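The values are calculated or read from the model by the stated rules, or taken from the named source; none is laboratory data. Here the structure is a predicted model, which means the values were calculated and not measured. Neighbour counts are summed over all protein chains in view; Cβ atoms, including those assigned to glycine, are modelled from backbone coordinates with ideal geometry.
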Ligand code: HEC
Ligand code: HEC
Ligand code: HEC
Ligand code: HEC
Ligand code: HEC
Ligand code: HEC
Ligand code: HEC
């Protein structure tokens, strides 16, 4: 018995001896964040938001994989922490990036914060445009695009820049829940925050607001219930068009002058759609929506393009009515079919 114990402790000592030098060198993410998630300690400049960082894929690799020379004595060791280059790990991006206008004008860090990276599906269209607005000031952009794009302000507000400036195999419609700002009577709408949705969703959390049965799928019925529920009076769905994948070429594409690229009706229109809900990490999570449900968010008719191009305010209102009409059709039709189902049996 005693022999057994000594044997075990011997092994333990050996094991510890093996591990110690390593653990003495490598601080864990939490150790680093003990200081760097506290702006009183390190100041705003060196602050890393732990909650946001922990939700990134970079967190899985750990701080040390990019700052590999940070020792136990840091920050008193007199060493300047190393910072890994993005292309060390992302060389596949370089082919597109190096050939783009941005290669000499915007670095990876200008568009991405390494401590807040997200995949395309986890970023809102609004956040995407914030990346671009750092250099391409929104008002300038509206002015430049207005030369050929009617209601450029609306397009720029509702579409991510990359929907027009990157090539993608597919595009999809993403719906965000927006809400009326409570202090405004007519109400400007803004993206609903997680807290607000959680309050409305109750036990089921934010997702419960729209995915009523919690099956990670939003059916036509659930969409209708969402719109009709008096508790959701201040909520709307806002549609935007997103590319399914991103290229770093960021270029001017001739086919984007073509309005029907987006304002298409019928089988030409984008078929796939999602509702994107905010997550605790500051990103978004997508839920599939039943096919056909939101095609009409971007529904247009040939008349509508003409109206857009003439830039006549009242005509645009008619255009809008046509769009709304487009929305009413499938919903109204479905409802009518539902109420007249008994008649059809005869
Ligand atoms: C005891 C608190 C503390 C801990 C723990 C800590 N840091 Fe720091 N870190 C600092 C302070 C303070 C500075 C600023 C030092 C200076 O300016 O001389 C700093 C500077 C840095 C910088 C340089 C920023 C720049 O460009 O000026 C990096 C990178 C960094 N830390 C990463 C890390 C990593 C990675 C870890 C964990 C392995 C870590 N730190 C752990 C307090 C800490
Ligand atoms: C994927 C690589 C990567 C990981 C993982 C990473 N960093 Fe960084 N970090 C960088 C790069 C690159 C910079 C330089 C950014 C710049 O100069 O714009 C940087 C900058 C910093 C800075 C300077 C302030 C700033 O925001 O520019 C601090 C402090 C820092 N990192 C701490 C950390 C800590 C703490 C962790 C882990 C919780 C961590 N880093 C994880 C790549 C990384
Ligand atoms: C040590 C390796 C390493 C370094 C250095 C690194 N990354 Fe990453 N990064 C990864 C891995 C691994 C992934 C996950 C797989 C993938 O998307 O390639 C990732 C994913 C990403 C993503 C997508 C996030 C997601 O959720 O899909 C972005 C954006 C990103 N990195 C940007 C950067 C930028 C910008 C830098 C430089 C500041 C950088 N990375 C440096 C390893 C690295
Ligand atoms: C002009 C802005 C811009 C620059 C510069 C830029 N990116 Fe991106 N990148 C984006 C956008 C927009 C996305 C899509 C949204 C997201 O994931 O953040 C993206 C996505 C990514 C992704 C995720 C890819 C995926 O398929 O989900 C990686 C990895 C990445 N970038 C790495 C880099 C690296 C490395 C560099 C520098 C060589 C770089 N980026 C430079 C704008 C930029
Ligand atoms: C760090 C600054 C910076 C950021 C961030 C940035 N750009 Fe640029 N971009 C430039 C500069 C500089 C040019 C070249 C001069 C010009 O056309 O304004 C340019 C050019 C362009 C062009 C013209 C390309 C061509 O082929 O002529 C497009 C389109 C563009 N950017 C889109 C974007 C989009 C979309 C984003 C966000 C994902 C973005 N940019 C983010 C600096 C930036
Ligand atoms: C509806 C599609 C569409 C959207 C949305 C869009 N662009 Fe463009 N953009 C274009 C087209 C097409 C051109 C070429 C314009 C021309 O020939 O004058 C262009 C031109 C540009 C240029 C070059 C301007 C010049 O004259 O050199 C920049 C920079 C640019 N866009 C950035 C952006 C940014 C940033 C956003 C988001 C805020 C954005 N674009 C949104 C379609 C779009
Ligand atoms: C990249 C996709 C895309 C392209 C290309 C595009 N649009 Fe749009 N358009 C949209 C989106 C998204 C909206 C906003 C829908 C909404 O109200 O939510 C919109 C809205 C409009 C509206 C306003 C309708 C209203 O609600 O008042 C008009 C008018 C319009 N577009 C005309 C055009 C014309 C004309 C062109 C071609 C010169 C064009 N669009 C090109 C996506 C696009």
Residue in region 190-198 that is part of a helix (DSSP H, G or I), away from ligand 1 (no atom under 16 Å from the Cβ) and touching a residue at least 60 places away in the same chain (Cβ under 8 Å) present: yes
So, in region 154-171, of the ones that are in a helix (DSSP H, G or I) and under 12 Å from residue 247 (Cβ atoms), which residue ends up nearest to ligand 3 (Cβ to nearest atom)? 162
Of everything in region 240-258, what is under 19 Å from residue 172 (Cβ atoms) and buried (at least 17 other Cβ atoms within 10 Å of the Cβ)? Give them in sequence order. 240, 241, 242, 243, 246, 247
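Considering each of 115, 126 in turn, give the residue that is within 16 Å of ligand 2 (Cβ to nearest atom) and either over 20 Å from residue 281 (Cα atoms) or touching a residue at least 12 places away in the same chain (Cβ under 8 Å) (or both).
One residue alone meets the criteria, 115.
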Would you be able to say whether some residue in region 206-224 is more than 24 Å from residue 272 (Cβ to Cβ), more than 16 Å from ligand 6 (Cβ to nearest atom) and not in a strand (DSSP E or B)? no
Check whether at least one residue in region 88-111 is away from ligand 2 (no atom under 11 Å from the Cβ), surrounded by 13 or more Cβ atoms within 10 Å (Cβ to Cβ) and more than 21 Å from residue 136 (Cβ to Cβ), and report yes or no. yes
Which residues, taken from region 8-66, are part of a loop (DSSP other than H, G, I, E, B), modelled with pLDDT of 65 or more and surrounded by 12 or more Cβ atoms within 10 Å (Cβ to Cβ)? 27, 28, 37, 38, 47, 48, 49, 55, 56, 62, 66
